[in-house]
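Reviewing the structure listed below.
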Amino acid sequence: MAKRPFVAGNWKMHGTRAELGNITHVSIETETIDEVLVALCVPATLITRAVAASPGFLIGAQDIHHEPKGAFTGSVSAQMVKDAGAKLTIVGHSERRELLGETNAQVRAKAELAIDAGLKTILCVGESLAVRETGQALNFVGDQLDASLPDMVTAPIHLSIAYEPIWAIGTGKVPSAGDIEAMHARIREVLERRYGEGAASIRILYGGSVKGSNAADIFAIDGVDGALVGGASLAPDDFMPIVHAAAAAAKD
């Protein structure tokens, strides 16, 4: 693995003050793991408390709005999550694209606002099972990414891309190593076309039923620079084996 791997947990709609100890646990365990960049993206209600509970650890938001401010009841802006203490945000997660109808243009706007605010940004892309079965997954994800990328000179130093096949999220199903490698290669092509040499700094993460039991195999795939982890990030005993697998891969 050429780049320092990045393992980010996405807690989704889980977590209250009672779970802050899990964040502290992970932050302490990762203090001596220099080979891996580790983060947890928690509910907006926990950001400030998570930062206080884990000084120096990378805490992220799970989403921001595509406008900088305005009459958008219940939404949070890039500046709001930054003010709460977040150093990172996810944009374009498939659950928001699929369930809430977010468009590529909105995802792109979110990424641009996040980068303007100085936030590290994980931009998610991925195909449904229906698209996969048509044999058009590479083209679909390539086009989705191309339409979602921020057109900013500073984008590469802030961006990571997470490839999440929608049909693998929370299902226990994982694409073949060949499928993952091919998709990450296509994503790299799109990034290089957009950003030129700057694309080399962008990590491409895999997300979709990543667990301690399969993490080593996933990190061994050419082009995988880390993982965006869902359910397994909620408990340190499930999350830390993934981090350790990434550290081992970084040493190979």
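What follows is calculated from the coordinates using simple rules that are stated; it is not laboratory data. Model, not experiment: these values are computed from the prediction. All Cβ positions, even for glycine, are placed from backbone atoms using ideal geometry, and neighbour counts span all protein chains on display.
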Pull up all non-local amide H partners of D63: gap of 5 or more, or a different chain, and H-to-H distance under 5 Å with H placed in the peptide plane.
I90
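Tally Lys and Arg at +1 and Asp and Glu at -1 over the other residues with C-beta under 15 Å from the C-beta of W167: what net charge comes out?
-3
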Please list, in order along region 102-118, the HN-Hα scalar couplings obtained from phi with the Karplus expression 6.51 cos²θ - 1.76 cosθ + 1.60 (θ = phi - 60°), rounded to whole Hz, x for Gly and Pro.
5, 9, 4, 4, 5, 4, 4, 4, 4, 4, 5, 5, 4, 5, 4, 7, x
Please check: in the Gaussian network model of the chain (C-alpha springs, under 10 Å), which one of L159, L191, L129 has the largest mean-square fluctuation.
L129
Across region 6-251, how many lysine pairs, 8 or more apart or on two chains, come within less than 25 Å at their alpha-carbon atoms?
21
Spelling out what I want: for every residue of region 166-176, take phi, set θ = phi - 60°, compute 6.51 cos²θ - 1.76 cosθ + 1.60 (Karplus), and round to whole Hz; glycine and proline get x.
4, 6, 9, 6, x, 9, x, 8, 10, x, 5
In whole Hz, the Karplus estimates of ³J(HN,Hα) for region 77-91 (6.51, -1.76, 1.60; θ = phi - 60°; x where Gly or Pro) are 9, 4, 5, 5, 5, 5, 4, 6, x, 5, 10, 8, 8, 8, 9
What residue among A18, A168, A155 shows peak mean-square fluctuation when the chain is described by a Gaussian network model with Cα springs under 10 Å?
A18
I want to verify a result. In a Gaussian network model of the chain, Cα cutoff 10 Å, which of these has the top mean-square fluctuation: M13, M240, M80?
M13
Antiparallel content of DSSP bridges confined to the chain, in %, to 5:
0 percent
Sort out for me the Cα centre separation of region 30-73 from region 136-160, rounded to whole Å.
22 Å
When only Cα pairs under 8 Å and 6 or more residues apart are kept, what is the percent relative contact order across region 6-251?
20 percent
Which shape class applies to the chain: rounded if a/c is under 1.5, otherwise prolate when a/b exceeds b/c and oblate if not, where a ≥ b ≥ c are the square roots of the Cα gyration tensor eigenvalues?
rounded
Amide H within-cut-off set for G126, under 5 Å, with H built and near neighbours excluded
E164
Once amide hydrogens are built 1.01 Å from N within the peptide plane, the residues lying 5 or more places from S160 or on another chain with amide H under 5 Å from its amide H are T121, I122, L123
